[in-house]
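Working notes, beginning with the structure itself.
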Amino acid sequence: MTSPSPSSTPPTSGSAFVLEPTLPGSKKSGYEFLVLEPPGRTLKKYVFIQDETGYLPKVLDKYLREFADSTAGINIQGNNQGKRTMRETAIELMKVYGLVYFGFKATQMVFNKVRAKIVNDLLGLTRKCYTVAAVAKKYNVPVHRTEDVNSESFRKMLRDLGVEFIVSISGTQLYKKDLRMQTPFGIVNCHGALLPKYRGLMPSFWTLANGEQFGGSSVHFVDRKLDNGPIVVQKRYRLWPHDTLEDVMARSKDLAAEAIIECVRLVEAGNPPLMPNPEAEQSHFAMPTKEDVRRFR
């Protein structure tokens, strides 16, 4: 992939530098992303992850099994989608999926959090952890719950910790320029689709609802646009006629763990191969409506 000319800000030795985002057809070309000098060493990492109890504890466990010693902490983010508050997200999901399914998922989350308190915290059993916080505790990785990761106080904490590289696993916040600029080797995000298709919200639902033959997980660098940066690792799985949404989400998250681990290793090895994530080929989806769910059923 040919990279456009760098911005006027000179790169710091041993780190990355940022290219300004541009639009197709303009005099400049490409999008904001990081040009990496080979570190050839372990980077100090930090994880952003959603407070989800169904699939993400397993994903985080696989990640920390490999990188706990070099992970400075995790920030557990709320379950709100996009710019919605958590309450607005809950109301919208209940309207879309109906009271029965929404109630089942909400009960499952509460039950898993209770099990984490009893099994993981009180009894100290960690063979299976039921929350991402319990997984972090298992590996002695500090947990933070910051509502705004773009705030100066949080960014200062990351600087004080010496964080060089951030991994976002189903994160629910947007990562603004100041945060991206201060992170020497950038931020990567794991998205549950074969980018550039299915950018946006709930990619597993839309992949299944639209009758695709394949789904996947993509780990890409974060720039100023949603799901837009170049792709480091992409893995795919086959969809079958009998698949349910739960099947697809489980398969997507299993692949996500593999893709994230592979991505971190490539970045730490130096100058990872980058695949394009062209806007011209993108499809973008929002929260499904009742009509979308009815069509899917």
task: Kindly put 208, 161 in sequence by how many other C-beta atoms sit within 10 Å of each C-beta, fewest to most.
output: 161, 208
query: Taking region 96-166, which trypsin sites (Lys or Arg not before Pro) meet the DSSP loop condition and have no more than 10 other C-beta atoms within 10 Å?
result: 127
- prompt: For residue 75, which sequence-distant residues (separation of 5 or more, or a different chain) have an amide H within less than 5 Å of its own amide H, given hydrogens modelled in the peptide plane?
  reply: 47, 48, 49, 144
Cα shape, region 42-185, gyration tensor, a/c 1.5 rule: oblate
- prompt: Could you put 261, 49 in order, starting from the residue whose Cβ has the fewest other Cβ atoms within 10 Å?
  reply: 261, 49
- request: Would you mind computing, in nm to one decimal, how far apart the modelled labels at residue 126 and residue 237 are, each placed 7 Å from Cα along Cα→Cβ?
  value: 2.7
- prompt: Tell me, what ³J(HN,Hα) does each residue in region 153-160 have, in order and in whole Hz, if you take phi through Karplus 6.51 cos²θ - 1.76 cosθ + 1.60 with θ = phi - 60° and put x for Gly and Pro?
  reply: 5, 6, 5, 5, 4, 4, 5, 5
- prompt: How do 61, 178, 243 rank when sorted from fewest to most other Cβ atoms within 10 Å of their own Cβ?
  reply: 178, 243, 61
- prompt: Classify region 135-218: rounded, prolate or oblate, from the alpha-carbon gyration tensor (a ≥ b ≥ c, eigenvalue square roots; a/c under 1.5 rounded; otherwise prolate if a/b is larger than b/c)?
  reply: prolate
- request: Pop out the ³J(HN,Hα) list for region 121-137 in order, Karplus 6.51 cos²θ - 1.76 cosθ + 1.60 with θ = phi - 60°, rounded to Hz; leave Gly and Pro as x.
  value: 7, 6, 8, x, 8, 10, 4, 10, 9, 9, 9, 5, 5, 5, 5, 4, 4
query: Excluding same-chain residues fewer than 8 positions from residue 137, which aspartates and glutamates have a Cα within less than 12 Å of its Cα?
result: 61, 121
message: Apply the Karplus curve 6.51 cos²θ - 1.76 cosθ + 1.60, θ = phi - 60°, to the phi angles in region 260-266 and return the couplings in whole Hz, x for Gly and Pro.
response: 5, 4, 4, 4, 4, 5, 5
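Where a number appears in this text, it was derived from the coordinates with a stated rule and is not lab data. A quick note: this is a predicted structure, and the numbers were derived from the prediction, not measured. Note: ideal-geometry Cβ built from the backbone for every residue, glycine included; neighbour counts use all protein chains shown.
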